[in-house]
Amino acid sequence: MDVYEAIVDKRDTRSFSPDPVSDEDLHRVLQAGRMAGSAKNQQLNRIVVVTDPDDRATLAESGKFADWVAGAPVVLAIVVPKEGGKAFDIGRMAQNIMVAAHGLGLASCPVTFHDEDRVRDLLGFPDDHEAPMGVGLGHPAPPEEEKQSSPRIPLDELVDWGRWKA
Ligand SMILES: Cc1cc2nc3c(=O)[nH]c(=O)nc-3n(C[C@H](O)[C@H](O)[C@H](O)COP(=O)(O)O)c2cc1C
């Protein structure tokens with residue numbers, strides 16, 4: 001798959017088949033996350049791989065829009081220190097993971113965990129860490145419907161050239 005196509009065609013997908021993700025695919029996806037840059041190359045992000053169905057059900061109850069992660073064969077929770085963890089670094093890692101997954105034919109979607117304590121109790125990271133975001137992934141649910149993109153604002157509304165446009 002062409003890189004531009006992989007980026008532009010990637011849709012956030014929340015329906016999965018129960019087929020497990022192979023160890024090889026999971027390894028490639030995690031490597032893609034590992035190679036994401038970070039501020040000062042501090043590499044403060046950590047990833048907890050969650051596949052146990054009961055644990056995924058708990059994660060599904062840990063976000064306001066997270067119910068679908070119960071059906072995602074793999075949920076990757078991105079854990080960062082509260083002091084120093086950067087949203088930009090989480091985003092870079094998550095996007096690497098999701099674009100790489102897309103290239104392997106896997107579906108994925110970001111998920112926000114609003115109930116910080118619940119996620120901490122489940123995954124066991126210390127009080128000075130948090131897992132605000134994760135990624136659910138797996139093989140797309142059949143039939144593979146072409147998911148339409150949620151509308152995006154036009155490019156000329158997104159982009160200003162040289163100066164902020166009033
Ligand atoms: C920071 C961030 C948090 C998100 N959190 C959730 C979430 O909690 N639950 C969910 O279903 N989708 C979540 N999404 C997915 C967005 O809804 C999705 O990116 C948007 O609808 C565009 O989808 P599309 O690329 O398929 O058009 C999140 C996306 C981002 C960037």
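Read-outs throughout are calculated quantities, based only on the coordinates presented, and are distinct from any laboratory measurement. Since the structure is predicted, the reported quantities are computational estimates derived from the model, not experimental observations. Note that we place each Cβ from the backbone using ideal geometry, even for glycine, and neighbour counts take in every protein chain shown.
A few points about this structure:
- Inter-part distance, the stretch 52-117 to the stretch 118-166, computed on C-alpha centroids, equals 9 Å.
- Evaluating 6.51 cos²θ - 1.76 cosθ + 1.60 at θ = phi - 60° for every residue in the stretch 160-166, the Karplus couplings come out as 10, 10, x, 9, 4, 9, 5 Hz, glycine and proline recorded as x.
- Electrostatic dipole magnitude of the stretch 1-73 [Cβ: Lys, Arg +1; Asp, Glu -1; Cα centre; debye, to 20]: 460
- Entry note, the stretch 3-158: relative contact order of 34 percent, from Cα contacts under 8 Å with a spacing of 6+ residues.
- Around the amide H of residue 79, modelled in the peptide plane, lie the amide H atoms of 46, 47, 48, all under 5 Å away and 5 or more residues distant in sequence or on another chain.
- Note on residue 127 and residue 152: the extension gain reaches 5.2 nm, defined as 0.36 nm multiplied by sequence separation minus the Cα-Cα distance.
- Near the amide H of residue 74, within less than 5 Å, lie the amide hydrogens of 137, all on another chain or at least 5 residues away, with H placed in the peptide plane.
- 3J(HN,Hα) couplings calculated from phi for the stretch 126-137 with the Karplus curve 6.51 cos²θ - 1.76 cosθ + 1.60 (θ = phi - 60°) are, in sequence order, x, 4, 8, 10, 8, 10, x, 9, x, 9, x, 8 Hz; Gly and Pro show x.
- Residues whose placed amide H lies under 5 Å from that of residue 111, excluding near-sequence neighbours: 134, 135, 136
- Mean-square fluctuations from a GNM of the chain, with a 10 angstrom spring cutoff on Cα atoms, peak among 37, 91, 124 at 124.
- DSSP-loop trypsin sites (Lys or Arg not before Pro) across the stretch 63-166, with at most 12 other Cβ within 10 angstrom: 64, 82, 152, 163, 165
- Between residue 61 and residue 19, residue separation times 0.36 nm minus the direct Cα-Cα distance comes to 12.9 nm.
- Excluding exposed DSSP-loop GluC sites (Glu not before Pro) (at most 10 other C-beta within 10 Å), longest clean stretch of the chain: 1-82
- Table column - 3J(HN,Hα) (Hz), the stretch 4-18, Karplus curve with 6.51, -1.76, 1.60, x for Gly and Pro: 4, 4, 4, 6, 6, 8, 5, 10, 6, 10, 10, 10, 10, 7, x
- Lysine pairs in the stretch 1-149 whose alpha-carbon atoms fall under 27 angstrom of each other, counting only those eight or more residues apart or on distinct chains, come to 8.
- Taking label positions 7 Å along the Cα-Cβ direction at both residue 6 and residue 163, the computed distance is 4.1 nm, reported to one decimal.
- Axial C-alpha extent at least 18 Å, average Kyte-Doolittle at least -1.0 - helices from the chain (DSSP): 87-103
- Result for the chain in a Gaussian network model with C-alpha springs under 10 Å: among 151, 18, 126, the largest mean-square fluctuation is at 151.
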